[in-house]
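Take a look at the structure set out below.
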Ligand code: SF4
């Protein structure tokens, strides 16, 4: 089994009622499996925020970071999960 | 005169109390637009190169842009220009609120302030009436009290001024307006203090004329539509303010922590915009003509810091007094923010100085006695708040730190400069460049020194807000130096234009409003036809003029375009950039090429001619 930490940000915290999740995933799981797991816990509201209409891509401006690296610079949805990873699900952020 | 400008400015000699009302030169509007463009041109023409920034001969310019005081989105900016007492080079800053529009309503595009008044004074402007009045009873007051007194005396006036930090010539004192708005990193407040000018209260009754009303309404509708559809300006800034960045920046390893030892702060969540919204936020506010309303009005209701109320703290301030000092107590940060505003201190520089002193204390370079008896460890927020006051009042260690981090390190000696986080004497801002290489380049070449807003390129490299018009798309890799010079150049142009036109940077920060939308707003307001290329070209002109001022008047060369050794030689200890340093040389070479600068970092003759800066080209090689 693999244990990962998921950090939620912005409006996602309201939907989940928390900003951190600790999830156990099966060996060989990838980011897509993790997202499905999260959507199965928090339902359609979470899915509709994070994914676009097709359900194949992230909603506009959403990002997923794997240990601080944008998952698009890795293997996107197929990025393998590893024990101890921190995954951020990040709505669009602004400031300066 | 065109729309957007009042057509007049004030030239004020504080030494002998004379005020001249002079006509605005049309060429200024066409070539330099306003704000930072006006400031750079006036300083080029009139400032003696060798002048001591705190001597009467330094010039302080406070200008506006053509959009200031119009209904253009965020048309509220005022801009200061001066020779910086922190850096000895070009100094500038921008503030929002309501003061800038009021100056336009009173009938002036900008003010030039010269000389030193023999006694403390303030300036009162009510349309055609312009008076220098005694400020003996205001001198020594904090900025909030100064505003209270002047608002009481001059009903309806808007107030800009300094707090005790400016009077005490703290080299990073800023100029404040409307109680909580600050401008002038690099010590504009000290320059104002050196002139014995406490405040400028202004009250006006005219409108700012718009050249093409119908066209403007169209352009405005289009711009507002974009702002309301973009997540940055429609949701994140209104809901969580600039501090919405805290968690994200820390996740990227780009949130400077403990004086840049690291870019990951374990306490980020406790001091984030999300936490602020749940705890100390009372309501949101906006500046003149702004629907984004990113400003947080906050109040601490219980605990040791009960009673603290202020606007903010903003992202930069949360970083400066939070993770940089190892503090994860939002109330303590709110206290430091409020006091910085009262004293008129730049929060970014002040936080840098305190975290610098904390590191020196932890490294055994400064003793407890030398630290005014404070246990100056990272995370000690009581000591942080005490030291802030000591800096403003120049007490003990505070007197040394009030000189800015570069001078303070030199005075302390004992290799303290190893821990001094600045570029050209201006303290660094809240992006860890090892995790966002572009930001390292941006800081190293910015015209006022270590600066985060010219441009805030991580909006693209970390947060992936691209721009079709600028050709920025996809997912760049923030921890490699490749292709970053072009990003910095493109975004710098747009960012510089908002330092000229009178708007707030937040309309372009995340590549929200495009150059062609800026051009349309500009054309319809001023009646001066501008294309998106003109936006980019005029910004390039002003940027290069600022650069030339630095090169030719103040002696800046390529060796000054650098970063603190820590960022160039010490690999990031953790986070996604673990093991990385900033690969500055490669990016800098590419950047110079794109800008048309020679190996010494000086704009080439051809480049200057192409930008219409012949008078600068004529000075090359002299
Ligand atoms: S976005 Fe924020 S800082 Fe900018 S004008 Fe609006 S309220 Fe003021």
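Values quoted throughout were computed directly from the atomic coordinates according to the rules given, and no laboratory measurement underlies them. Since we're looking at a predicted model, the values are computed, not measured. Cβ sites come from the backbone with ideal geometry, for glycine too, and all protein chains shown count toward neighbours.
With a simple spin-label model that places each label point 7 Å from the Cα along the Cα-to-Cβ direction, the separation between residue B:214 and residue B:622 comes to 5.0 nm.
Out of all DSSP beta bridges with both ends in chain B, state the antiparallel percent to the nearest 5. Once the DSSP bridges in chain B are tallied, antiparallel ones form about 80 percent. Placing a label point 7 Å from the Cα of residue B:585 along the Cα-to-Cβ direction, the residues of the range B:436-450 whose backbone N falls under 20 Å of that point are B:437-445. Counting only DSSP H runs of at least 4 residues, each contributing -39500 (n - 2.57), and dividing by the residue count of the protein assembly as shown, the helix-based mean residue ellipticity at 222 nm comes to -10000 deg cm²/dmol.
Which percent, nearest 5, of DSSP beta bridges in the range B:256-420 are antiparallel? Given both bridge residues lie in the range B:256-420, the antiparallel proportion sits at roughly 100 percent. Here the range A:28-63 and the range B:332-365 have alpha carbon centers that stand 41 Å from each other. Size descriptors for chain B, from the alpha-carbon set: Rg then Dmax equal 22.3, 67 Å. Bridges between two residues of the range A:2-90, per DSSP, are antiparallel at a rate of about 80%.
Across the range B:256-420, Cα pairs under 8 Å and at least six residues apart give a relative contact order of 18 percent. The alpha carbon centroids of the range B:183-214 and the range B:576-601 are separated by 36 Å.
Compared with the dominant principal axis of the Cα atoms in chain A, helix A:31-50 is inclined by about 30°. The modelled label-to-label distance between residue B:531 and residue B:270, using points 7 Å beyond Cα along the C-beta direction, is 5.6 nm.
With a simple spin-label model that places each label point 7 Å from the Cα along the Cα-to-Cβ direction, the separation between residue B:615 and residue A:47 comes to 6.6 nm.
The stretch between residue B:559 and residue B:49 holds 181.6 nm of extra length on full extension. This uses 0.36 nm per residue minus the Cα-Cα distance. Fewest-first ordering of B:615, B:144, B:530 by other beta carbons within 10 Å of each residue's beta carbon gives B:615, B:144, B:530. Take every Cα pair under 8 Å whose residues are at least 6 apart in sequence, average their separation, divide by the length of chain B, and the relative contact order is 15 percent. Given their separation in residues at 0.36 nm each and the Cα-Cα distance between them, residue B:21 and residue B:599 gain 203.7 nm when the chain is fully extended. FRET efficiency for the residue B:304 to residue B:144 pair, using the beta carbon distance and R₀ = 30 Å, is estimated at 0.90. As an exercise, use a Förster radius of 30 Å and the Cβ-Cβ distance of residue B:11 and residue B:151 to find the FRET efficiency, rounded to the nearest 0.05. The formula returns an efficiency of 0.65 here.
The distance linking the range B:408-461 with the range B:72-135 is 27 Å (Cα centroid to Cα centroid, whole angstrom).
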